[in-house]
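Asker: Please read through the structure below; I'll follow up with questions.
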Amino acid sequence: MSDIQDRIVIITGASSGIGEATAKELASKGAKVILAARREDRLQKLQQEIESSGGQAVYKVTDVASHEQMEELAAYALKEFGKIDVMVNNAGVMPLSPVHEKKIHEWDAMIDINIKGVLYGIAAVLPSMRERKEGHIINVSSIAGHLVFPASAVYSGTKFAVRAITEGLRIEECGNNIRTTIISPGSIATELTQAISGSELKAAIIEETKIAIEPASIARAIGFAIEQPADVAVNEMIVRPTIQQL
Ligand SMILES: NC(=O)c1ccc[n+]([C@@H]2O[C@H](COP(=O)([O-])OP(=O)(O)OC[C@H]3O[C@@H](n4cnc5c(N)ncnc54)[C@H](OP(=O)(O)O)[C@@H]3O)[C@@H](O)[C@H]2O)c1
């Protein structure tokens, strides 16, 4: 198989932004998508939207920070479709703040969702992919996984970690015919900035995101990685607005 038609794809963080756009893009190309996030109303609406456009989607309310719930998500996909071709570990949060403000709960959330969530996603799908000697794990990092900015110390730390984990996984699993892709978006127009709790910083970041491009641009890049022939792995991509300098 070298295209998207009939691929079984789990997408975390499918209730908005990049995950939602990815679900629509892949479903429009014939993938069967399993939508995961915490907000059920959003997942339900997206499932209906995809199905009314002729696509196929199911959803499962899932908190990626729960190892048990991620295992249940993979088990659900296997029960519904018999296999998992692609796992898109996309869910993430970005409550930026300077370190001295000691927003410990926000640090914990970023570590639990952005790092542990990706690890739990890998852990949940890897056994069945190793057994089949086929699979593709796509992890969403960020331009902040390549560069550090003021107030991004912890967020960048989590996104650097996503890149390190994905590269480690690539080295360990390429011999098992499992592909890995790191995708690092630049500024994308989504709800991600809403979680910034400092009002001045939030306003400044929202001002910076005026150059943001649509989440569909990342969805297309994810589609490109998936549709390559099985012996071709697109291991890493940076996709940002043309005008974005850093
Ligand atoms: N937007 C950008 O400029 C940009 C740039 C670089 C990287 N990224 C990365 O892209 C990814 C997607 O973000 P986005 O920009 O599309 O933002 P978004 O619109 O805020 O979407 C984030 C998604 O993550 C989900 N999520 C958050 N915590 C979760 C949890 N504990 N369990 C399950 N799902 C959870 C949210 O769903 P629920 O709240 O319903 O659970 C939502 O669907 C993130 O990893 C982000 O770091 C974004």
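The values are calculated or read from the model by the stated rules, or taken from the named source; none is laboratory data. This one's a predicted model, so the numbers in the text were calculated from it and none came from an experiment. Positions of Cβ are backbone-derived with ideal geometry, glycine not excepted, and every protein chain shown enters the neighbour counts. SASA here: full protein model, heavy atoms, side chains in, ligands and nucleic acids out. Shrake-Rupley method; radii C 1.70, N 1.55, O 1.52, S 1.80 Å.
Asker: For His67, only one of the following conditions fails: (1) farther than 18 Å from Thr193 by Cα; (2) more than 19 Å from the chain's Cα centre (by Cα); (3) open to solvent by 50 Å² or more (accessible area, probe 1.4 Å). What is its number?
Answerer: Among (1) farther than 18 Å from Thr193 by Cα; (2) more than 19 Å from the chain's Cα centre (by Cα); (3) open to solvent by 50 Å² or more (accessible area, probe 1.4 Å), His67 violates only (2).
Asker: Taking the condition more than 15 Å from Ile137 (Cβ to Cβ), in contact with a Lys or Arg (Cβ under 9 Å, 6 or more places away or on another chain) and away from the ligand (no atom under 15 Å from the Cβ), does Glu200 pass? If you could, list the steps in order and put the result at the bottom.
Answerer: Details: more than 15 Å from Ile137 (Cβ to Cβ): yes; in contact with a Lys or Arg (Cβ under 9 Å, 6 or more places away or on another chain): no; away from the ligand (no atom under 15 Å from the Cβ): yes.
When the stated conditions are applied, Glu200 does not pass them.
Asker: Looking only at residues in the stretch 164-179 that are in contact (Cβ under 8 Å) with a residue 24 or more places away in the chain and within 16 Å of the ligand (Cβ to nearest atom), which one is farthest from the chain's Cα centre (by Cα)?
Answerer: Applying the filter and picking the extreme gives Ile165.
Asker: Restricting to the stretch 39-64, count the residues that are loosely packed, with under 14 Cβ neighbours inside 10 Å and touching a residue at least 12 places away in the same chain (Cβ under 8 Å).
Answerer: 3
Asker: Identify the residue in the stretch 70-106 that is among the small types (Gly, Ala, Ser) and out of contact with any helix residue (DSSP H, G or I) (no Cβ under 7 Å at 6 or more places or on another chain) and, among all such residues, is farthest from Gln194 (Cα to Cα). Walk me through how you get there before you give the answer.
Answerer: From the stretch 70-106, those among the small types (Gly, Ala, Ser) are 74-75, 77, 82, 91-92, 97; that's our starting set.
Now restrict to residues that are out of contact with any helix residue (DSSP H, G or I) (no Cβ under 7 Å at 6 or more places or on another chain): 75, 77, 82.
Working: Ala75: 32, Ala77: 31, Gly82: 37 Å.
The residue in question is Gly82.
Asker: Does the stretch 134-161 hold any residues that are away from the ligand (no atom under 16 Å from the Cβ) and either on the phi > 0 side of the Ramachandran plot or surrounded by fewer than 20 Cβ atoms within 10 Å (Cβ to Cβ) (or both), and which are they? Step through it out loud before you land on a result.
Answerer: Initial filter on the stretch 134-161 (away from the ligand (no atom under 16 Å from the Cβ)): 134-136, 150.
Correct list: Glu134, Gly135, Pro150.
Asker: A further question follows. Please find, within the stretch 98-133, the residue that is farthest from the ligand (Cβ to nearest atom) out of those that are part of a loop (DSSP other than H, G, I, E, B) and at negative phi.
Answerer: Of the residues in the stretch 98-133, the ones part of a loop (DSSP other than H, G, I, E, B) are 98, 102-103, 133.
Filter again for at negative phi, leaving 98, 103.
Working: Pro98: 19, Lys103: 16 Å.
Within the stretch 98-133, the match that is farthest from the ligand (Cβ to nearest atom) is Pro98.
Asker: Next up: How many residues are within 11 Å of the ligand (Cβ to nearest atom) and open to solvent by less than 10 Å² (accessible area, probe 1.4 Å) when one looks only at the stretch 70-94?
Answerer: Applying the first criterion (within 11 Å of the ligand (Cβ to nearest atom)) to the stretch 70-94 yields 70, 73, 88-94.
Okay, now just the ones that are also open to solvent by less than 10 Å² (accessible area, probe 1.4 Å), so 70, 73, 88-89.
Matching residues across the stretch 70-94 total 4.
Asker: Looking at Thr190, Thr209, which one is in a loop (DSSP other than H, G, I, E, B), open to solvent by less than 60 Å² (accessible area, probe 1.4 Å) and either at pLDDT 95 or above or within 8 Å of the ligand (Cβ to nearest atom) (or both)? Break it down into steps so the answer makes sense when it comes.
Answerer: Details: Thr209 fails: in a loop (DSSP other than H, G, I, E, B).
Going through Thr190, Thr209 in turn, just one is in a loop (DSSP other than H, G, I, E, B), open to solvent by less than 60 Å² (accessible area, probe 1.4 Å) and either at pLDDT 95 or above or within 8 Å of the ligand (Cβ to nearest atom) (or both): Thr190.
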